[in-house]
Amino acid sequence: MIKFRIPISQATFVTVQKEIGRRFNLSLGTYQLEYRDEVDDWILLRSDEEMGYCIDSSRKSISKEVRLRLAPFTQPMSGPGGSLGTFFV
């Protein structure tokens, strides 16, 4: 697991995707992201609109963190596994 901070004004889907790619040394398009919502479901993250839902959901949680899970793009993201990352908003 890694933790990093991104200012809310810069927390776009592409910015987060690039930061995760840089930290894990992954190329864009080779992995997909999911976030954990306020009821602990994992939701696929694919756009700025969905990033907005992700941030709104994190504001409802006690920790105010965004928890992300990533996996190779060709693999389904269901069940435990993948790498985890957290950033604060």
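The values are calculated or read from the model by the stated rules, or taken from the named source; none is laboratory data. From a predicted model like this one, the values you see are computed outputs, not experimental measurements. Neighbour counts run over all protein chains shown; Cβ positions are idealised from the backbone, glycine included.
For the reader, a short list of remarks on this structure follows.
- Failed item, numbered, when ALA71 is tested on (1) in a loop (DSSP other than H, G, I, E, B); (2) surrounded by 12 or more Cβ atoms within 10 Å (Cβ to Cβ): (1)
- Residues (modelled with pLDDT of 55 or more and either among the basic types (Lys, Arg) or closer than 14 Å to LEU33 by Cα (or both)) located in the stretch 56-81: ARG59, LYS60, LYS64, VAL66, ARG67, LEU68, ARG69, LEU70, ALA71, PRO72, PHE73, THR74
- Some residue of the stretch 38-46 being outside any strand (DSSP E or B) and touching a Ser or Thr at 6+ places or on another chain (Cβ under 7 Å): yes
- Selection of the stretch 13-37 for residues being among the basic types (Lys, Arg) and part of a strand (DSSP E or B) yields only ARG36.
- VAL39 passes every criterion in (1) at pLDDT 85 or above; (2) within 12 Å of the chain's Cα centre (by Cα); (3) hydrophobic (A, V, I, L, M, F, W, C) apart from (2).
- In the stretch 42-74, the qualifying residues are those that are of a type in the set (S, T, N, Q) and within 20 Å of GLY21 (Cα to Cα), and the one that is farthest from the chain's Cα centre (by Cα) is THR74.
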